[in-house]
Structures are given as C-alpha cells and as structure tokens.
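Chemist: Below you'll find the structure I mean.
Only the coordinates and a few stated rules stand behind these numbers; no lab work does. It should be emphasised that the depicted structure is a prediction, and the values quoted were computed from it without experimental measurement. So basically every Cβ, Gly included, is an ideal-geometry build from the backbone, and we count neighbours across all protein chains shown.
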Amino acid sequence: MQNYLCTMQGLRRSNSPAILLLEDGTVFEGKALGASGTSVGEIAFNTGMYGYQEIFTDPSYHRQMLVMATAHIGNYGVHNAEVESDGTKVAGIIVRNFSTIASRVGGAGTLQEDLEKNGTVGISDVDTRKLVRHIRVNGAMNCILSTEEFDVDVLKKQLAEVPSMEGLALSGEVSVDEAYDFNEIKDGHRIALLDLGLKRSIAQCLADRGCDIRVFPWDSKAEDLLAWNPDGIMLSNGPGDPGAMPNVKEEVAKLVDSGLPVFGICLGHQLLSLSQGLKTEKMHNGHRGVNHPVKNLITGTCEITSQNHGFVVSHESLEANSEVEMTHIHLNDDTVAGIRLKGRPVFSVQYHPEASAGPHDSRYLFDDFVKFIEESKTVTA
C-alpha cells in the first residue's frame, strides 16, 4: 500500500504575528509561518498556480522574498522528488492562505516542517492581490520580513543597509564548490555544465536524452571545462545581476570560441549574450510564473513557458549586432526570450524549457541541443 500522508503538524504557529515592510514604507501585517526570525531580500511575485516546492528550491530565487499569487499554498505538502536543489532558496515567502495540513500519496511532510528545517521565514493572511498590484505599479524593491521584531523604525534601519539586486553577483553563494558527475559517465554525449545556480531538472533533461553530465563550479575557467573533452556546453540558470559577472562573461566567450555546441538558460542566456557584445538591463518587476506565452520566431509557433528572471537582454543591443539573431519573443511585453549565433551551434533562451514546475512545451530545445552535438560530431569525424 502506498504511503499516504495526512498531518496536522505546524498549527502551533498559526496565530503568531508577522510583519512585512517594503522599501517604499508600505507595511503588511499577517501571521507567521515557517521558521522564526527576520529576513531581507528583493520582493517578487510568482503567478504559478502549482509547483511551490520546485519554485522555493530554485536557486535563481536566492535573496528574493517571494509573493505567491495563487490563494492556497502548502495543501499538498512536500515530496522528495520535487526539489530543484539542496534546500529552500527563497529569502522568505508571502502568501494569502497557508495550509498546515498536508495530504498526498507519498508525501514527505508538511511545508511548515520543511520551511522550519531550512530556516525560511514567511507570512500568511496577507492581501496578496493588493501586494502584487503594488509591485506591478511600483516595481521590484527590497523588503524585510520579521516574526520577531515589529518596530517599523527598527526594521527601516535594517532594510536601509540591504544592497540593491542590481550589481550583485550571487552565483558563488549557490553553486557547487567542486566539479562532480551528475550521472554515471558511460558512452553518451559528454556535457560540461557550468553551474551558475543549477536547477536539477536541467541536468535531468539532458540525462534523459542519454547525455553524460559533469557539473562545474560557477567560477571555473573555460580550460577546466574543455579539458574534460566535452561534446557540448550547458550554461545554467542562476540568481543575481549578469552585468556584475565580467570574469564569467569572459570565460563564456572562450567556451563559445571553442566551436562546441553551447546552450544557455536564464542567467546562462544573459551571460552568453553579454559575451557576444549584447547588453542586459533590470526589469521593472520581472517575469515569474508557469504561464508566460513565448513565440518561436523560427517556426511561428507559441509556447507556454515557465519563467523566473528580473534582468533581460536589451532589444537595442541585439538589433545592433549582425552576428546574433532573436529566435524567441515574450508575447506579453515583446522582451527578448531567445537568441542564436548565426551560422554557429550556439543558442540560448531567457525562460526555463525544463519547466519544473510548468508546461513542457519547450523541452524540444534539449533535443535541438543534442542534434547540434550529433551534427558537430559528424563534421569532425
């Protein structure tokens, strides 16, 4: 018989107070959830209706305070198969209704227990619709969330010391320290994966296609990756400002010049773009959710995509570069969603084709990457 989890644990914190203070002075009060404490970060919102565990464990959310736009969070608990890293990465969570009851087949516990274990603070009973509208109008900003300090003046002083996300290089805080093999290295296509804040499902999508993956730390030199004699290079997602990572940009340029197929996702896409002379810019409030429409300009088809980013490649810089072309465009605001280098097996997308959580419309991009590798091998054989 399958294990069926149903627990009432976590109710003890349901009536404890919590406070959220935004950089512009706006205050929201609610009830504490997760761990006790005080946390700071850039506020952002996610419009996904499901997949909170995958979202909370995505390293791209490092140092971000996340508002969940859907009304109910925690009702299906947590599951060991639905984590994208070694633990919760968000700085804190903000929700409308938080369920302390978890009920599902094969569950590993409640979300409350998981947040406590990871030291993640949160606040519930917040008017998240009002908060999301506030962010949409006023843009991303820093905030502070506390379940232990309620003096607004004290919180304002602490918040004033928090740096802006713009200018922060954060991959070093979430990447691995040493290279490791994601799966058993056999005789598949060898993929050297640069971990800028890797979601595990990216590597898994490659492994599902018969690839052998070695993961390298974010600050690895190009020669470190190339010395492994890979067949292709993957540049992962990650947190922070790509413009604050000039050394990584230089190494990415060397990887591109190697002639190997290169595939970049999210932060990897941005660094690939920077390495080719394009520019990136901070967005008003970013794209975060599992329902973002993107048009493939090569095929003319539309994809519903999973996204999580607060920076984007500049349209103007792309139009001025004759060696790079846009392959995908976000249909909500016409921002750059994908590029490729003309005549070379090098491409990238701003969104998350691996999804997790989200629809699988864009997983064909992993197939395209493998096809580039196979064609490259044929040419060099």
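Chemist: Before anything else, pin down the relative contact order of the stretch 171-380: Cα pairs under 8 Å, at least 6 apart, normalised by residue count, whole percent. Intermediate results must be reported in sequence, preceding the final value.
Modeler: Values: 464 pairs, mean separation 38.1, N = 210.
Once divided by the residue count of the stretch 171-380, the mean separation gives 18 percent.
Chemist: Treating each Cα of the stretch 4-160 as an identical point scatterer and ignoring solvent, apply the Debye formula and state log10 I(q)/I(0) at q = 0.18 Å⁻¹.
Modeler: For the requested q values the scattering log ratios are -1.03.
Chemist: Given a Förster distance of 25 Å, report the FRET efficiency between Val154 and Asn118 from their Cβ-Cβ distance, rounded to the nearest 0.05.
Modeler: Numbers: r = 25 Å, r/R0 = 1.02.
So, using R0 = 25 Å, E works out to roughly 0.45.
Chemist: Once both labels are modelled 7 Å past Cα along the beta-carbon direction, what's the Arg136-Ser16 spacing in nm?
Modeler: 3.3 nm
Chemist: Here's something else I'd like to know. What are the lysines whose alpha-carbon lies under 21 Å from the alpha-carbon of Lys279, with same-chain residues fewer than 8 places away excluded?
Modeler: The qualifying lysines are Lys249, Lys254, Lys342.
Chemist: At what distance in nm do the modelled label points of Ala320 and Arg104 sit from each other, each positioned 7 Å from its Cα along Cα→Cβ?
Modeler: Placing both labels 7 Å beyond Cα along the Cβ direction yields 4.7 nm.
Chemist: Something else: If you find the alpha carbon centre of the stretch 134-157 and of the stretch 334-363, how far apart are they in angstrom?
Modeler: 34 Å
Chemist: Pairs of Cα atoms under 8 Å, at least six residues apart: use those to get the relative contact order of the chain, whole percent. Each step should come with its number before you reach the end.
Modeler: On the way: 951 pairs, mean separation 56.8, N = 381.
It comes to 15 percent, rounded to a whole number.
Chemist: Okay, moving on. For Glu184, put the label point 7 Å out on the Cα→Cβ axis and report which residues of the stretch 228-267 keep their amide N under 15 Å from it.
Modeler: Output list for this probe position: empty.
Chemist: If each of Asp367 and Gln204 carries a label point 7 Å out from its Cα toward its Cβ, how far apart are those two points in nm?
Modeler: 2.0 nm
Chemist: For the ranges 241-253, 218-230, 147-159, 343-355, what's the packing order if you count other beta-carbon atoms within 10 Å of each residue, average per peptide, and put the highest first?
Modeler: Numbers: 241-253: 18.8, 218-230: 16.5, 147-159: 14.2, 343-355: 22.8.
Ranked from most to least packed, the peptides come out as 343-355, 241-253, 218-230, 147-159.
Chemist: OK, next. To the nearest 20 debye, what charge dipole does the chain have about its Cα centre, counting +1 at the Cβ of each Lys and Arg and -1 at the Cβ of each Asp and Glu? List each step's numbers first, then the result.
Modeler: Working: 33 positive and 51 negative charges, 170 e Å.
Taking the Cα centre of the chain as origin, the dipole is about 820 debye.
Chemist: State whether the stretch 171-380 is rounded, prolate or oblate according to the following rule on the C-alpha gyration tensor (a ≥ b ≥ c being the square roots of its eigenvalues): a/c under 1.5 gives rounded; otherwise a/b larger than b/c gives prolate, and the remaining case gives oblate. Walk me through the intermediate numbers first.
Modeler: Details: a/c = 1.36, a/b = 1.30, b/c = 1.05.
In terms of gyration-tensor shape, rounded.
Chemist: Also: Counting DSSP beta bridges with both partners in the stretch 171-380, what percentage is antiparallel, nearest 5? Could the numbers behind the result be given before it?
Modeler: Values: 24 of 40 bridges.
Within the stretch 171-380, antiparallel bridges account for around 60 percent of the total.
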